1. Test of understanding: in a Gaussian network model of chain A with alpha carbons linked when under 10 Å, which of A:M210, A:M92, A:M181 would top the mean-square fluctuation ranking?
2. For B:Y77, project a label point 7 Å along Cα to C-beta. Then give me every residue of region B:186-212 with its amide nitrogen under 18 Å of that point.
3. Mind checking the mean number of beta-carbon atoms from other chains within 10 Å of the Cβ atoms in A:44-54?
4. What longest range of chain A stays clear of loop-exposed trypsin sites (Lys or Arg not before Pro) (DSSP non-H/G/I/E/B, at most 14 other C-beta within 10 angstrom)?
5. What is the average number of partner chain Cβ atoms found within 10 Å of a Cβ in B:238-244?
6. Starting at 0 and stepping by 10 Å, how many percent of the alpha carbon pairs of chain A end up in each bin?
7. Can you compute the modelled spin-label distance between B:L137 and B:S181, with each label point 7 Å from Cα toward Cβ, in nm?
8. How much length is gained on full extension from B:F344 to B:R253, taking 0.36 nm per residue of separation minus their Cα-Cα distance?
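Read-outs throughout are calculated quantities, based only on the coordinates presented, and are distinct from any laboratory measurement. Owing to the predicted nature of the structure, the values given are computational and were not obtained by experimental measurement. All Cβ positions, glycine included, derive from the backbone under ideal geometry; neighbour counts span all protein chains shown.
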Amino acid sequence: MILEVRDLTKIFGGLKAIEEVSFKVKQGIILSVIGPNGAGKTTLFNCLTGVLSSTRGRVLFEGADATNKRAHEITAKGVARTFQNIRVFGSMTVLENVMIGQHLRSKEGLFTAILGTDTFRKEEDEIRSKALEYLEFAGIQDYADTLAENLPYGDQKRLEIARALATEPKLLLLDEPAAGMNPQETWELMELIKRIREWGKTVIIIEHDMKVVMGISDRIIVLDHGVKIAEGTPDEIRNNPYVIEAYLGKEEVG
Amino acid sequence: MKKILFMLWLSLLSMPFMGIKGGAYLFLGICASYGLYIFLANTFDRIKLPAVPFNAKIATTAAIISALILPFLMKDYYTDIAILAGIYIILALGVNIVIGFSGLLHLGFAAFYGIGAYSNALLTTSLGLDFWSALVLTLPLTSLAGFLLAFPSLRLRGDYLAIVTLGFGEIIRLVLNNWDSVTRGPNGISNIPSPVLLGFEIGRLTHYYYLVFGFVLIAAFVVKRVQRSRTGRAWLAIREDETAAESMGINTRKYKYMALTFGAFWAGLAGALFASKMHFVSPESFTFMESVFVVCMIILGGLGSVPGVILGSLILVLLPELLRDFQLYRMLALGVGLVLMMIFRPDGLIKKS
């Protein structure tokens, strides 16, 4: 088990955004989290990655406690994420964005930078060439020197994935990666996510596009009003009466 | 239409100074020069000037060489102003680390400038240290002050941070003003000795010019190096998006402390140079206006760009001096200049890299 969530609860004032959600994630799979708008999917991601601190419950990453740690500590453990509303570093180049992803995998400080020592130069070169590799993996290497804010929407989403991969995570959390993409871009994205899994990384995605969800998921979790109402393989979820009710409403008994 | 309205507004603004006739002439003058500008821009566009390749290395070398021979060509009065400009460049480079790189809108930097100046003044006059030993103590002391006053920046963002840092800046000034037994209050501290370098007293303006120039070179070099390092990138990431930066594994708290400590370090150096240059310090030199002035410099030059910050400081120190004959309109010209900047080049003269 790479990730284990036990009775995770997040309360905003009087609103229970997520309520006693528990699940386990096996190494190397793609897990989808689905549910209607406002079901608490992004809140769940925020609690897992330390952007928000949870009210109750525990998060175990590779068996070690990772509950309510600060975001950079969780990234250091090997969890990376993308954001629903794109958060690239707009006025930096695409390459620099990915170089920032390498922050934790490098260590040179202020003084070696000022002196320009050999170790500093060597590390800079390594960061740069690794960043280029991740850009190539995401298919946006041609834009390396473009300012991130000038990228087309779909490529900004790819950049976020490349940047998250540059932190060298074991678990990657993607928040609505296909939102706003055309069918061609969506198809390319699905291929990219599958390649990430082949690379041995575990992926959790939040997604509304059912073609994507059913096409790539190994397992699916369904949230509704902050509560987990179902979990299973794509086929099991497709036929689950609770899921159909949450999405389509209750059938009138006639 | 917007442009004509803007010109009208400008002319109306100048009427209290220049009278109705003067205002009308100004309006006509601006209209005429704008027309000329449009005409010239169009003509040049058609002629297509050959592109002059811009080489940063050659430009930097040329700037350094001309700065080196300048004191031989200038009157003492201008050397004096150039020294002041150099001190402001160092201060602005420090502020640029905090505001330009890390995006923390800090409006109390005059405090660190003041702490640097006062600690140098006190260490040399009361303890009888020479400039260099005092500097060795002053720099860590100012950095420490930057570190200690960094804690509000951890909780507050944007406007709130600006207000709180403004308050801290005023607190430091008031302490300098009222702690009579140590700082001698509003009377200030006088008879601060000149620096002595290798047994050679740096007393004359020209000598002092080269001393400050040396420090400016060091500051620009170091800040430029840091900008292009892992630390610099982390600061830029915090400026761009703090949440995303934290999710990329950057310990934002640590890097904010670092930015303020490092920024205060340069402010302390500028303060120490200022004290020994003037041989006198008083709380009047470290008011809120001083902080605002420095922020204007880095905005004018281009937030986050080292050459931009240098250019901005030079313009804002030299221009008011050159316009001294038109004393009445100096502040007006400065204000108009900044408004024009915001309209036509909101990114500053040199765009951030």
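1. Highest fluctuation of the listed residues: A:M210.
2. Residues B:205-206 qualify, since their backbone N sits under 18 Å from the label point.
3. Rounded to a whole number, the mean comes out at 1.
4. After excluding every exposed loop site, the longest remaining stretch is A:108-249.
5. 6
6. So the P(r) values, bin by bin, are 7, 29, 34, 20, 7, 2, 0, 0, 0.
7. Those two pseudo-labels are separated by 1.8 nm.
8. Answer, rounded to one decimal: 29.2 nm.
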